[in-house]
Amino acid sequence: MGFHRVESVVDQHLTQDMANLQLSRNLVSVGYYVNVQTRSSIAHSHPFYEFILVRRGVCEYHSSGARFFLHPDELLIIAPGTVHTMLCPEDAPRYERLILQVDADFMARVLTTFVPNVRPAPPLYILRAEAVCRWGLRELIEHINATSSVSDAAFREQLYRCQIGELMLLTAHIARTSQPVTPSASSALISDVTSYIQRRFREPELNVASVAQQFYVSREHLSRAFKTYTGENISHYITDLRMQEFRYGLLMGKNVLPACLESGFSDYSSFVKSFRKLYGITPMEYREQLKNAMNRAPLAEVAE
């Protein structure tokens, strides 16, 4: 994995929460993620930029009613707030990828300096393997990872600015001069439906029937189409978004019950059962894990 060790994470469901915590104290994070038994992710988004460089295996990403296949050496770039899911084919090799995560505010400052007057990129887009290899983007991400070992905070931030700036200049150039990777399938209806759910999932009355009524289609047709283009059924998708909102509430210091109710769950006992089924622990146990992780994480040095 290059000249500076990249932390490896295998088959963990809540890695995005730990990334949220880490990036609340740092500007940049790099990790090597491996899926062996866990073949899919729940619907989720991040408050940061995510760059996913595939090293082994093939995976399918779903977002806004579109499906994209991601192959070795391709680079997937996901903007903050973009809800997406990941699905690995059962017969595919284990899915391994190098992931760079960048704080959104820091990225905004970098873009202002290095990539002014460039059209905003789509929320989710893929760079082809040929261009990724030609321009050395894997090596650049490994350089960014090595920078984390620099002890001088001000100098480390300057290195990050230059490296992330170079990365964004190169991705902008590649996107402008090469053919984009197009979805393997897409649906305007499901794009509208996912956007609607993402706006309304905190409302306890939102369910499959109300969504179907809103879009004047039968529940059966909507359910089939939604599964085809997102990899999930509608009720699971709504639950996934509520679960993420709940976990974010805990990260922000809320207690379990208020975070549960504010996320759109109206039945606390059913919520606890669902949480335990999804993650293998109770909400209270998860809250304790999160508190312990926050206490262990060192505060980042602040550059003057």
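Read-outs: derived from the displayed coordinates by stated rules, not from any lab. These numbers come from a predicted model, not from an experiment. Quick reminder, even Gly has a Cβ in these numbers, built from the backbone with ideal geometry, and neighbours come from all protein chains shown.
Key figures for this structure:
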| quantity | calculated |
| --- | --- |
| Cα-based reach from Lys254 at 18 Å (exclusive), listing lysines while leaving out same-chain residues under 8 positions away | Lys291 |
| Hydrodynamic radius by Kirkwood, which averages 1/r over all alpha carbon pairs of the stretch 189-285, in angstrom | 14.0 Å |
| Computed E for Ser235/Ala185 - FRET, C-beta separation, R0 35 angstrom, nearest 0.05 | 0.95 |
| Positive minus negative residues near Tyr49 (Lys, Arg vs Asp, Glu; Cβ under 11 Å) | -3 |
| By average C-beta atoms within 10 angstrom, highest first, the peptides 216-225, 152-161 | 152-161, 216-225 |
| In order through the stretch 54-61: 3J(HN,Hα) via Karplus (6.51 cos²θ - 1.76 cosθ + 1.60), integer Hz, x for Gly, Pro | 6, 10, 7, x, 10, 9, 10, 10 |
| GNM flexibility winner over the chain from Met284, Met107, Met252 (Cα, springs under 10 Å) | Met252 |
| Computed [θ] at 222 nm, helices only, for the chain once each DSSP H run of length n ≥ 4 contributes -39500 (n - 2.57) | -15000 deg cm²/dmol |
| Kirkwood Rh and Cα Rg combined as Rg over Rh, evaluated for the chain | 0.96 |
